[in-house]
């Protein structure tokens, strides 16, 4: 019966950590939107428990520390194999809510209300994901913050390229007080609807790529598991130190392939028109004023 060397588990953990750091240096980490701490802790606790169970099962069945560490990394990276599908769906919901809010703001302004009065009135018709940001915007206005600065902070909180177009129009109008804001908001709402339709078509096409990525991963893991269970003599060479070193290389190649497939199915967020707090609004006003 195969016995596990006491140094095998630390060596496997070090090898797995090396693979993880290699991928981190090659692909980096994408910035993610801030999440409530309670949800983040809950997600990490759940993943940690699943990863621990998976590592123990793999270690008991195979006796390979490298594969146990690989199982842990796979559990934590599994959501990433979907290529940002959740982020893309959230972006589409935010875009749909933004289009509806822009239409509501346009209709409110059409009733001869000023921009400072129209924004608080539009909260009731806004999507749930926009209401907290709109309430924060109204609170800043109540504290006598200048409307352009409050709108710039509002754009930073939304962190969405489509929202920047709407906020940029509002910032220019709040400074220059020119006519035609209602027509501009109507055109931006139509543009947001068209972009939403385009994103839905692209997401439907990418869905098949993401499904292919998951099928390849599951097939590779299932094939390796069947070999270990039903043909242990075929993989007996991996019980040695040299076999574990080879497994590190094999796992690294599989990980590189998975990362490449994930990159093909990933949702790349467009660059924002506005970025930072305060400065973009002022630069936009100066640019708009220069053209006027």
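Data for the structure
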read-out	value
Simple label model, 7 Å out from Cα along Cβ direction - residue 242 to residue 224, nm	2.1 nm
P(r) weight above 18 Å for the range 157-246, C-alpha pairs, percent	70 percent
Cα gyration tensor shape of the range 119-171, rounded if a/c is under 1.5, else prolate or oblate by comparing a/b with b/c	oblate
The range 44-76-the range 118-150 distance, computed between alpha-carbon centres (Å)	46 Å
For peptides 98-108, 202-212, 225-235, sequence by mean Cβ density within 10 Å, most packed first	98-108, 202-212, 225-235
Modelled FRET efficiency - R0 51 Å, residue 76 with residue 121, Cβ distances, 0.05 increments	0.65
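Bear in mind that the values in this text are calculations on the coordinates, not laboratory data. Since the model is a prediction, treat every value here as computed from it, not as a measurement. Here Cβ is always computed from backbone atoms with ideal geometry, including for glycine, and neighbour counts include all displayed protein chains.
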